[in-house]
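**Q** Attaching a single structure in structure tokens format; questions to follow.
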Amino acid sequence: MRKISLLTIFLLLVCVSQAQEYRAKNGMPGPGYWQNKPSYNIKADFNTQDGVITASESVTYTNNSPQTLTEIVFNLYENYKEQSPFEIRSIRQGKKPVPEFKIEGTKMTAKLKKPLASGASVTLNIDYTFRFLQSNSSHNRSGKYEGSYFVGYWYPQIAVYDDNGWDMVNHTGTEEFYYELADYDVDIKTHDNYYVYASVPTADGTIPDYKANADNNWHFVANGFFDFSFAASKDMKVTKDVVPSASGEVQLVIMSRDGNFIKDTREPAKSFIRGIQPIFSKIAFPYKQIVLFDNGRQSGGMEFPGMVNLGIRWMDDESSQFVVCHELAHQYAPFVAGFNQAREGFMDEGFAMLLPYLVKGRDVIHSKSNYVDFCYMEMMGPTGELDESVNYTEGVVFTPSYSFASSRDYNSISYHKSFLALYMMREVLGADKFGNMINDFFAAWAGKHPKAEDFLNAVRTAYGDNLDWFINPWYYQPKRPDLSIAECGQKDGKYFVKVRNDNGIPVPVKLIVGNKFKEDDCGFRFCNDKHFYFTPEVWKSGDEFFTIEFDELEFPFFVRLGCDEIPDQTYNSLLEFKSEEDFGPIVEKK
Ligand SMILES: [Zn+2]
């Protein structure tokens, strides 16, 4: 009896811990996953002349967490600027003001009259004003541009409360955001014949047509969105295209006065929307409408749900097209899988770098150099040499987005090193297994909040074996990949090349040996050549060296390590062996 009761207790404990498991060990949401839910009802009067939004927001917040909440935290993201664009006039719970609210940095905390129990809801009413401040900063992600507006981060937005509690990261302007999935019912009244495009189709499901709307009232309903933004203009040209999608049509809207902008964005956007769908075959394309807004600046691009604010006019055509693909890729990360960009920006940026590659292949950006090589150079620094200004002791992918020393470091690591890690992971798993894994992961986490560790657990599960040899160096160590040829020699009637992994970061080994016969603009041409390719798994044992053997070749012969699709500091090393006297350890010139 005693044995049975102990077993029963053990099984009960297992059941309880599984029931409470928020994130499953296989990287998927656990059976105990929960998410709190805001529903916004916003009525806004937009004085387009002065750039002032006067609004009342009623937000009902449902506490699905197991905890009781005593306060609600809001993001006022634009408060990172010297002058606050927000004026909060009142916060009421019912008819009476909340007992207390305070604004610190970009967070606003409202104390509740009585604690909000698990499963209960509360409605808060906020009267506020949002002002567009004059700013020429190229880092602005939204703002007023030559009389037109891209309106983002414009309402008090409830912060995410997850298994870590309230997200209290104070926004500094560099890192990005962490959004809660919410329902929106938004009325916008404009003046002076400003028309509006927003994150969603209008409430009745139609796409807005500004000519037909004489009273300048715009009503939008967006359920299950991570954010709500809109663009307002009275004179920008609107170009519309319909792109087929598995779940119906996607309307592509381009707002621009510039013919070149329309030319540079239209076809790349259409082909990306078409091309991304088979990659995420288990997820319907997330929006009925995608709006590309031309802000005419040099701001790059910023993603919003169903919208992109683009400042690409100074760029060459290829770079503009790449930025369009990158921002559209963000519609999946973070707007399908709601990663926390404020802490783990490397997840959505890594995917926003990877997805254009998966859609378009190696020529996605510069036809002259391949994309992997381009990303490797960007990771290293502008010259492709190790950039001393990049603090590589902090060059760890798992660095909180808000703690990089400079935007250069942030760019190097969160975008490019993170991309290379995903790209190398695909080499380890194989393209098919990797493709299925990301499809399943994004489908399981759609509308939810995965962490980077969840993703890595999904990768571990798909791989089916210990993957620490790959994950630790790529995600947790500051170093860069660097292979070199350590030795070439002869043993037991065979030649061998010994490759050294100088920093222990696993990358594939590609080796060509042969008799060179020509050198031209395209590089080196071999004859009698043998090609060897090994996935990063050759470094699984943790050994510093990997040896490749091959049959005798006539002297002189050449050995070339690496290629432009393998990130490696010393790729392209070409060594010549005139006779056996050249054999032995090799000291590489760096
Ligand atoms: Zn991005």
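**Q** If Val291 meets every condition in (1) in contact with a strand residue (DSSP E or B) (Cβ under 8 Å, 6 or more places away or on another chain); (2) at pLDDT 95 or above; (3) within 13 Å of the ligand (Cβ to nearest atom) apart from one, which number is that one?
**A** With (1) in contact with a strand residue (DSSP E or B) (Cβ under 8 Å, 6 or more places away or on another chain); (2) at pLDDT 95 or above; (3) within 13 Å of the ligand (Cβ to nearest atom) applied to Val291, the lone miss is (3).
**Q** Just one of (1) assigned to a strand (DSSP E or B); (2) more than 26 Å from Gly338 (Cβ to Cβ) trips up Lys263, so point out which.
**A** Here Lys263 clears every test but (1).
**Q** Filter the stretch 351-384 for residues that are away from the ligand (no atom under 16 Å from the Cβ) and among the acidic types (Asp, Glu); which is modelled with the highest pLDDT?
**A** Of everything passing the filter in the stretch 351-384, Asp373 is modelled with the highest pLDDT.
**Q** Hey, any hits in the stretch 306-328 for a residue that's among the aliphatic types (A, V, I, L, M), surrounded by fewer than 21 Cβ atoms within 10 Å (Cβ to Cβ) and under 25 Å from Met28 (Cα atoms)?
**A** no
**Q** Please return the ranges of helices (runs of 4 or more DSSP H) entirely within the stretch 402-516 where 3 or more residues are within 16 Å of the ligand (Cβ to nearest atom).
**A** Counting at least 3 such residues, we get 407-410, 418-429.
**Q** Looking at this structure, is Gln331 away from the ligand (no atom under 15 Å from the Cβ), at negative phi and either outside the structural domain of Tyr149 (by TED's automatic domain parsing) or buried (at least 24 other Cβ atoms within 10 Å of the Cβ) (or both)?
**A** The answer is no for Gln331.
**Q** If you don't mind, another one. Might you check whether a residue that is assigned to a loop (DSSP other than H, G, I, E, B), surrounded by 14 or more Cβ atoms within 10 Å (Cβ to Cβ) and touching a residue at least 60 places away in the same chain (Cβ under 8 Å) occurs anywhere in the stretch 94-101?
**A** No, the stretch 94-101 contains no residue that is assigned to a loop (DSSP other than H, G, I, E, B), surrounded by 14 or more Cβ atoms within 10 Å (Cβ to Cβ) and touching a residue at least 60 places away in the same chain (Cβ under 8 Å).
**Q** Taking the conditions exactly as written (within 16 Å of the ligand (Cβ to nearest atom), in a helix (DSSP H, G or I) and without any contact (Cβ under 8 Å) to a residue 24 or more places away in the chain), does Val308 satisfy them or not?
**A** Criteria not met by Val308.
**Q** A follow-up question, please. Considering only residues of the stretch 537-562 that are surrounded by fewer than 16 Cβ atoms within 10 Å (Cβ to Cβ) and touching a Lys or Arg at 6+ places or on another chain (Cβ under 8 Å), which is farthest from Ser579 (Cα to Cα)?
**A** Glu544
**Q** Condition test on Pro278, is it surrounded by fewer than 22 Cβ atoms within 10 Å (Cβ to Cβ) and either within 16 Å of Thr239 (Cβ to Cβ) or out of contact with any helix residue (DSSP H, G or I) (no Cβ under 6 Å at 6 or more places or on another chain) (or both)?
**A** Here the answer is yes, as Pro278 does meet what is asked.
**Q** Working only within the stretch 278-335, note down all residues that are of a type in the set (Ser, Thr, Tyr) and within 18 Å of Val253 (Cβ to Cβ).
**A** Tyr287, Ser320
**Q** Just the residues that are in contact with a strand residue (DSSP E or B) (Cβ under 7 Å, 6 or more places away or on another chain) and in a loop (DSSP other than H, G, I, E, B), please, taken from the stretch 266-284.
**A** Passing the criteria: only Gln277.
Residues are listed down the side, and each one gets a yes or a no for (1) at pLDDT 60 or above; (2) among the charged types (D, E, K, R); (3) outside the structural domain of Glu180 (by TED's automatic domain parsing):
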| residue | (1), (2), (3) |
| --- | --- |
| Ile4 | no, no, yes |
| Leu7 | no, no, yes |
| Leu12 | no, no, yes |
| Glu21 | yes, yes, yes |
| Met28 | yes, no, yes |
| Asn41 | yes, no, no |
| Gln49 | yes, no, no |
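**Q** Can you find a residue in the stretch 428-441 that is modelled with pLDDT of 95 or more, closer than 20 Å to Ala24 by Cβ, touching a strand residue (DSSP E or B) at 6+ places or on another chain (Cβ under 8 Å) and of a type outside the set (A, V, I, L, M)?
**A** Within the stretch 428-441, none of the residues are modelled with pLDDT of 95 or more, closer than 20 Å to Ala24 by Cβ, touching a strand residue (DSSP E or B) at 6+ places or on another chain (Cβ under 8 Å) and of a type outside the set (A, V, I, L, M).
**Q** Right, something else. Restrict the check to the stretch 458-474 and report whether at least one residue is under 23 Å from Val160 (Cβ atoms) and out of contact with any strand residue (DSSP E or B) (no Cβ under 6 Å at 6 or more places or on another chain).
**A** Yes: one or more hits.
**Q** Of all the strands (runs of 3 or more DSSP E) wholly in the stretch 524-589, which have at least 1 residues that are among the β-branched types (Val, Ile, Thr)?
**A** Strands (runs of 3 or more DSSP E) meeting the threshold: 545-550, 557-561.
**Q** Go through the stretch 116-147 and count every residue that is at pLDDT below 95 and either of a type in the set (S, T, N, Q) or farther than 21 Å from Ser56 by Cβ (or both).
**A** Number of matching residues: 15.
**Q** What's the number of the only condition in (1) over 24 Å from Ala337 (Cβ atoms); (2) in contact with a helix residue (DSSP H, G or I) (Cβ under 9 Å, 6 or more places away or on another chain); (3) within 16 Å of the ligand (Cβ to nearest atom) that Ser299 fails to meet?
**A** The number of the failed condition is (2).
**Q** Could you list, in sequence order, the residues of the stretch 42-77 that are under 16 Å from Gly143 (Cα atoms), surrounded by fewer than 20 Cβ atoms within 10 Å (Cβ to Cβ) and within 30 Å of the chain's Cα centre (by Cα)?
**A** none
**Q** Something else about it: Exactly one of (1) under 17 Å from the mean Cα position of the chain (by Cα); (2) at positive phi is unmet by Leu355. Its number?
**A** Result: Leu355 fails condition (2) only.
The values are calculated or read from the model by the stated rules, or taken from the named source; none is laboratory data. Remember, predicted model here, so these are calculated numbers, not experimental data. Cβ coordinates were reconstructed from backbone atoms using ideal geometry, including for glycine residues, and neighbour counts include every protein chain displayed.
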